[in-house]
Amino acid sequence: MTRLLLAIETSCDETAAAVVDDALTVRSSVVASQIDLHAAFGGVVPELASRAHVETITQIVGRALDEADVQGADLAAVAVTSGPGLVGALLVGIATAKALALGWGVPVVGVNHLEGHLASVYLAEREVPFPQIALLVSGGHCMLTRSTRPGRYELLGETVDDSIGEAYDKVARFLGLGYPGGPILDRLAAAGEDVLGFPRPMLAEGYAFSFSGLKTAVVNRVRADPGFSETEVAASFVAACMDVLCAKLRRALEEFGDPALAIVGGVAASPILRARAQVLADEFGTRLLIPPQRMATDNAAMIGVAGWHALAASGPSGPSFGPEPDLRLRFAST
Ligand code: KG4
Ligand code: ZN
C-alpha cells in the first residue's frame, strides 16, 4: 500500500506544505510567498517572516491535505525543514510538524533544506544516475558538490562571500528593480546584450566562487557611467555570473566525466541558466537533472522527497530535535 508523508517548509520567506507518497509522487504542493510583505524592505525581515508563518501555516497545511484529498489519519510521517534558515521561521514549521505528528501518532523527520534542494531533481526524474555533479545555487548558497551515491556528498567548492542569489538580489536592489531580484534581472537579461564586460571572478581558482566583487563592480560602473540601460546592466551582470558557473561546471565535467549534472536551488529557475546548463550537458553527453521550474525555488515537495530519503537512511528524528540555523551538508572526503 502506498504511504503518504506531509512535508512542511518554513526556513525563509515561503510557507509551504506538500503531500508526497513513497513512490515520490507529489500529491499536492502549496507555497505561500511572503514577497509582498518583505518587498518594501528590499529583503527578508526575520521577525516579520516568523509572524507570517504563524498566521498562515495551518491554512497552508490544510490546503495541502485537501488538495491531496487525504486526512491526517492517512499519513505515515511528517517531514519538516530543520535548517539552515532563520531560527524563528524554522521554529514555526518544526513546532507545527511535531504537534501534528504527535496528534496523528506518526513519526517526524527533520530535513536539511540543502538536501531538499538536491532531492528536487527527483521531482523531474525517477531514475537519477550516480555519480553526479551538483550545483546548488540559491539565495543562501552557492556550492558545487559531487555525489557517488545518494546521501553522500563531496564538496568541490563554494562561494567565499555572497551566494549568487544574494548577488542578484543586491544588484537588483541597487538598480531599484524590486525584490527578489533574481527573476527580474533574469527577465531583463534575456532581452539584452553583454555590453559592459564585467569581470568573471575566480575563473582560475578551482571550484571556489566569489560574487561580492562582481556586485561592487556593477555598482561602481553604473555610478561612474549612468548612461547604460537596465537591460544592458542586467544582461552584462547575468552573463558574468553564467560564465563563472559554466566554467566551474565545465571543469568538473572534464575532471570527473560523470553521467549526470544536477542544477538546483532558486537560481535554477532561471531560463538562462537552464539553457546554458543543457548546452553544456549535451556537449559532454551528460544527463542534465533539473527540477521543474517552479520547484527550483523553495517548496515543500522537495522536503517531502528528502524526508522519504532521510527516513529510509536513518529513521525518524528524536523527540527533542530543534532548529539548526547554520546546518550544513555532511560531506564525505572522497
Ligand atoms: O532556493 P531559494 O528559493 O531560497 C533559498 O534557499 O535561498 O532561492 C532564492 C533565490 C533568490 O536569491 C532569488 O533571487 C533567486 O533564487 N531566483 C532567481 C530566479 N528565481 C529565483 N535567480 C535568477 N533567476 C531566476 N529566474
Ligand atoms: Zn532554498
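Every number here is computed from the coordinates shown, using simple stated rules; none is lab data. Treat the numbers as computed from the prediction; the structure is a model and nothing was measured. Glycine gets a Cβ as well: all are built from the backbone with ideal geometry, and neighbour counts include every protein chain shown.
Restricting to region 232-279, count the residues that are part of a helix (DSSP H, G or I) and among the polar types (S, T, N, Q).
If we filter region 232-279 for residues that are part of a helix (DSSP H, G or I), which is where we start, we get 232-256, 266-269, 271-279.
Subset that is among the polar types (S, T, N, Q): 236, 278.
Residues meeting the conditions: 2.
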Candidates Phe211, Phe174, Phe256, Phe198 - the one that is buried (at least 19 other Cβ atoms within 10 Å of the Cβ) and under 25 Å from the mean Cα position of the chain (by Cα): Phe211
field: Elements of type strands (runs of 3 or more DSSP E) in region 65-182, at least 2 residues being within 16 Å of ligand 1 (Cβ to nearest atom)
entry: 75-83, 108-112, 132-137, 142-149
query: So which residues in region 305-326 are within 16 Å of ligand 1 (Cβ to nearest atom) and surrounded by 20 or more Cβ atoms within 10 Å (Cβ to Cβ), if there are any at all?
result: Val305, Ala306, Pro323
- request: Report the residue count in region 245-274 for those that are more than 12 Å from ligand 1 (Cβ to nearest atom), without any contact (Cβ under 8 Å) to a residue 60 or more places away in the chain and not acidic (Asp, Glu).
  value: 5
message: For the structure I just gave you, tell me whether Ser317 is of a type in the set (Ser, Thr, Tyr), closer than 30 Å to Val92 by Cα and away from ligand 2 (no atom under 16 Å from the Cβ).
response: yes
message: Cβ-Cβ under 9 Å, sequence separation 6+ or interchain: first residue in region 179-208 and over 30 Å from Leu37 (Cβ atoms), partner among the aromatic types (Phe, Trp, Tyr) and surrounded by fewer than 17 Cβ atoms within 10 Å (Cβ to Cβ). Which pairs?
response: Val195/Phe228; Leu196/Phe228
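Residues are listed down the side, and each one gets a yes or a no for (1) under 17 Å from Asn299 (Cβ atoms); (2) crowded, with 20+ Cβ neighbours inside 10 Å:
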residue: Lys98; (1), (2): no, no
residue: His113; (1), (2): yes, yes
residue: Glu125; (1), (2): yes, no
residue: Gly157; (1), (2): no, no
